[in-house]
Amino acid sequence: MSFKSIIRIVLLIFVVGSVSFLIAKEYGFDSFKNEVPLPASNETAAAPAPRAAEDEGDGVVLYYFHGYRRCFTCRTIEKYLAEEMEADFAAGPLEWRPVNVEEPGNQHFIRDFGLVSSTALIAEMKGGSIERSKKLDLVWRLVKDEAAFKEYVRNEILSFMEGGSGR
C-alpha cells in the first residue's frame, strides 16, 4: 500500500469520526458531554380552554412552545426559562406554561404565532384571549451563555410587563 493511500484512509477515518461526534453531541448522546442529561419532560400544558370571562384570569404568561422531539439545546432553553421563572418571578404575576404544540388541541399555536421551531414567547391574557405577545428570539443566540440568557429573559419580561413592545 502506498503512502498516499494510507494518508487518505487516515484522513477519511478522521472526517467520519468528527462528523459522527458532532451528530451525537447535537442529538443528545450524553456520553459525549460533561453534563447531566436533562430529563425528557412529559409535563406539557394544554391549550388554554375557553372559559367564561368571569372564570378567566387576566395576566402575563411565559410560554415555551416545543414538539415531541427536542435536541439538547431546546431542552436547555426550557431549563433556563424555568430556572429564571423560579428565581425572579415565582411570587409574581407571571405564569409559566411549557406547551407541546404537537399535542392534540395545541396545533393552533403554530398558526397563531407563526411558529417554525421551539419558541419562547411572552403573552398578555385578557378575558381568555391573547391581547399582545412578544417572541424572545435571542434565546437561541444566548443559550451558550447562561447568565446573559437569563438577564435577557428577565429584562424582556420586565419590559413587556411595563407595557413594552408586543404585537
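Coordinate-derived values only; no laboratory data. As the structure is a prediction and not an experimental result, all values here were calculated from the model. Here the Cβ positions follow ideal geometry from the backbone for every residue, glycine too, while neighbour counts run over all protein chains shown.
Among residues of the stretch 129-147 that are of a type in the set (A, V, I, L, M, F, W, C), those with a beta-carbon under 6 Å from a residue that is surrounded by fewer than 16 Cβ atoms within 10 Å (Cβ to Cβ) at least six positions away or on a different chain give the pairs LEU142/ALA148; VAL143/THR73.
Considering the stretch 103-132 alone, what residues qualify as being within 16 Å of the chain's Cα centre (by Cα) and among the small types (Gly, Ala, Ser)? Within the stretch 103-132, GLY114, SER117, SER118, ALA120, ALA123 qualify.
Scan the stretch 67-95 for residues that are within 18 Å of SER159 (Cα to Cα) and not in a helix (DSSP H, G or I) and jot them down. Correct list: PHE89, ALA90, ALA91, GLY92, PRO93, LEU94, GLU95. In the stretch 139-165, the residue that is surrounded by the fewest Cβ atoms within 10 Å (Cβ to Cβ) out of those that are under 19 Å from ARG97 (Cα atoms) and of a type in the set (A, V, I, L, M, F, W, C) is LEU158.
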